[in-house]
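This report concerns only the one structure given below.
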Amino acid sequence: MTSQAPGLWPPSGPEVVFLLLGVVALISALLVVTTRQLVHAALWLVLCFGALAGSYLVLTAEFVAWVQVLIYVGAIVVLLLFGIMLTRAPIGRSADLDSGNRWAAAAVAVATAAVLVTVVTTGFRTAYAPLDPGQGAAKPLGSSIFRTWVLPFEALSVLLLAALIGAIVLSRTDIKGRR
């Protein structure tokens, strides 16, 4: 998987597209967390997920890209929008969503980003993965998940099931406290 890395300049076509999609994903993710309108935040989230799916396509992981589109863009964002509509959340600007901790949150975000960038650049400085077509197909990905990563996969499914049950219990209004 690791081979001799080519020079950094000039960047190839897939590298340019990957960087542009990364910039789109970063800007839309920032707009998700900074906008004051919930519906606009959900729509920026669609753009962010779409840019991530495009990045997966550039990395020749077609199956992961389509799962990203179908599950995250198709299901999660629709679920989020239905949740906004059904809970009668305010559609316009909401001043009560601001906790007043912007500077602390920005400092933590910048520090976390700096640590992540440092760890990734030092850890993968010499690694280079050539973009060979077919590596992200369903067969190698499925065999990797169900042979190597089966325990974390099952733990994640149990965690998601517990979150789903907790969300159902919290959203039900007909359950009263019994004494």
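Over region 17-69, with the other protein chains present, what is the accessible area per residue in square angstrom, probe 1.4 angstrom?
Result: 55 Å² of accessible area for each residue.
By how many nm would the segment from Thr112 to Glu15 grow when fully extended, if each residue of separation counts as 0.36 nm and the alpha-carbon distance is taken off?
Extending this stretch completely gives an extra 32.4 nm.
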- prompt: Given labels modelled 7 Å from the Cα in the Cβ direction, how far is it in nm from Trp149 to Met85?
  reply: 3.3
- line: Karplus ³J(HN,Hα) for region 12-17 (6.51 cos²θ - 1.76 cosθ + 1.60, θ = phi - 60°; Hz, whole; x = Gly/Pro) runs 7, x, x, 5, 5, 5
field: Alpha-carbon Rg with Dmax, taken over region 17-81, Å
entry: 11.7, 36
- prompt: For labels at Gln37 and Ile168 in the simple 7 Å Cα→Cβ model, what's the distance in nm?
  reply: 3.5
field: Cβ crowding within 10 Å averaged over residues, with 50-63, 72-85, 32-45, 109-122 ranked highest first
entry: 50-63, 32-45, 72-85, 109-122
- request: Convert each backbone phi in region 72-80 into a coupling constant with the Karplus relation 6.51 cos²θ - 1.76 cosθ + 1.60 (shift: θ = phi - 60°), then list the ³J(HN,Hα) values in order as whole Hz, x for Gly and Pro.
  value: 7, 5, x, 9, 5, 5, 5, 4, 4
- request: Pull out the extension gain between Ala138 and Ile27, defined as 0.36 nm times the separation in residues minus the alpha carbon to alpha carbon distance; nm, one decimal.
  value: 36.9 nm
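The values are calculated or read from the model by the stated rules, or taken from the named source; none is laboratory data. Keep in mind it's a predicted model, so treat the numbers as computed, not measured. Glycine also receives a Cβ, built like all others from the backbone with ideal geometry; neighbour counts cover every protein chain displayed. Heavy atoms of the whole protein, side chains included, go into the accessibility calculation; ligands, DNA and RNA do not. Shrake-Rupley method; radii C 1.70, N 1.55, O 1.52, S 1.80 Å.
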